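Readers should treat all values here as calculations from the given coordinates under stated rules, not as data from a laboratory. Predicted, not measured: the structure shown is a model, and the values here were computed from it. Please note: Cβ atoms are built from the backbone with ideal geometry, for glycine as well, and neighbour counts cover all protein chains shown.
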Amino acid sequence: MSDSSINKIIEEFSHLPLEDKEYIAEIIKNQLVEGKRARLASRAEEARMNLEKGAVKTGTVEDMMEDLDRD
């Protein structure tokens, strides 16, 4: 979305009654939550697939620190 489109939306929003602004804000908030939830689910699925493929390491914090020191 271009800057001019965003500015238009903000400008139109500023002219709405408070109740409409609250309603729109709630819709946007819910969409953000759903988007974050979907992104988290996607990342969890990716992690699960990597675990199944054996593409992840397991170990203790000490093991991780040793690996970091070797790099």
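Some values worked out for this structure:
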quantity	calculated
Inter-residue pairs, beta-carbon under 8 Å, first surrounded by 10 or more Cβ atoms within 10 Å (Cβ to Cβ) and in the stretch 26-54, second among the aliphatic types (A, V, I, L, M), 6+ apart	Ala47/Val56; Asn50/Val56
From the options Met64, Met1, residue that is outside any helix (DSSP H, G or I) and not acidic (Asp, Glu)	Met1
